[in-house]
Amino acid sequence: MGNRGYVQLYTGYGKGKSTAAFGLALRAAGHGRRVYIGQFLKGRECGEHRALDGHPLITIEQFGREGFSLHGEGERAAEEERATRGLERCSQAVLGGGYDVVVLDEVDVASACGLLAGEDVLDLIDARPEHVELVLTGRDAPAALVERADLVTEMREVKHYYRQGVLSRPGIEY
């Protein structure tokens, strides 16, 4: 990774955006890099959490709830508050000097849904210390984030077993 960090963006409708970010986090930790992962719109324990529980170089926090929904005014306000708090925590991780890699998992969706102001995410990118690698994930990445990122990968669904009624499976999708 060297001394300079970049902004990576994983977006699109295909499977694997968060998985790619977690893979990068593991690789970075394997080289002694400290990693922070902030998960927006997610609130259930996943296999990644179990596997990384107690890892000395990787910290994971969630800023959502299981069964994310924007239906109802009260639910939307609660999700906005969680997303705002999440961006504050992620900003501390980026700016605080304690992490080399910071992942904002599903931040694209939080921005696209209007739970976060896109300008706030752009401001964080601009404020990012040069050594911090910043990874943003989620479908529907706003055009401004695509433009600002140094690396953009779009996951495209070609075929998916969800279309045959297969639901999320523990150890594979979560």
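The values are calculated or read from the model by the stated rules, or taken from the named source; none is laboratory data. None of the values given here were measured: they were computed from a predicted structure. No Cβ is skipped: glycine too gets one built from the backbone with ideal geometry, and neighbour counts run over all protein chains shown. Protein only, heavy atoms only, side chains kept; ligands, DNA and RNA dropped before computing areas. Shrake-Rupley method; radii C 1.70, N 1.55, O 1.52, S 1.80 Å.
Rounded to two decimal places and with Rh computed the Kirkwood way over Cα pairs, what is Rg over Rh for segment 12-66? Kindly include the intermediate steps, with their values, before the conclusion.
Working: Rg = 11.5 Å, Rh = 11.9 Å.
Reported Rg/Rh (Cα atoms, Kirkwood Rh): 0.97.
I'm a student and want to see the number: the projected area of the Cα convex hull of segment 93-136, averaged over all directions, in nm².
Numbers: hull surface 11.3 nm².
Average projection, Cα convex hull of segment 93-136: 2.8 nm².
Note on the chain: with neighbouring protein chains present and a 1.4 Å probe, carbon and sulfur make up 49 percent of its accessible heavy-atom surface. For segment 1-100, the convex hull spanned by the alpha carbon atoms encloses 117 Å³ per residue.
Our coupling estimate for segment 17-31, obtained by passing each phi through the Karplus curve with A = 6.51, B = -1.76, C = 1.60 and θ = phi - 60°, is 5, 5, 4, 4, 5, 5, x, 4, 4, 5, 4, 4, 4, x, 9 Hz, Gly and Pro reported as x.
Pairs of alpha-carbon atoms within less than 8 angstrom and 6+ residues apart define the contacts here; what relative contact order does segment 1-142 have, in percent?
Working: 248 pairs, mean separation 53.1, N = 142.
Result for segment 1-142 is 37 percent.
Loop only per DSSP, at most 14 neighbouring Cβ atoms within 10 Å: give me the GluC sites (Glu not before Pro) in segment 69-148, ordered by residue number. If you can, show how the numbers build up before the last one.
Numbers: sites: 73, 75, 79, 80, 81, 88, 106, 119, 130, 133, 147; in loops: 106, 130.
Loop-located and lightly packed - 130.
The alpha carbons of the chain stretch over 45, 33, 31 Å along the principal axes, in descending order.
Okay, which of segment 114-152 sit inside 16 Å, backbone N to the point 7 Å along the Cα-Cβ direction of residue 75? Counting backbone N atoms under 16 Å from the label point, the list is 114-115. Segment 21-42 and segment 97-153 have Cα centres separated by 14 Å. Can you check what the net charge comes to around residue 91, using other residues whose Cβ is under 14 Å from the Cβ of residue 91 (Lys, Arg +1; Asp, Glu -1)? Within the 14 Å Cβ shell, the charges total -3. Shape summary of segment 119-161, radius of gyration then Dmax from alpha carbon positions: 12.8, 41 Å. Rolling a 1.4 angstrom probe over the protein heavy atoms with all chains in place gives the chain an accessible area of 53 Å² per residue.
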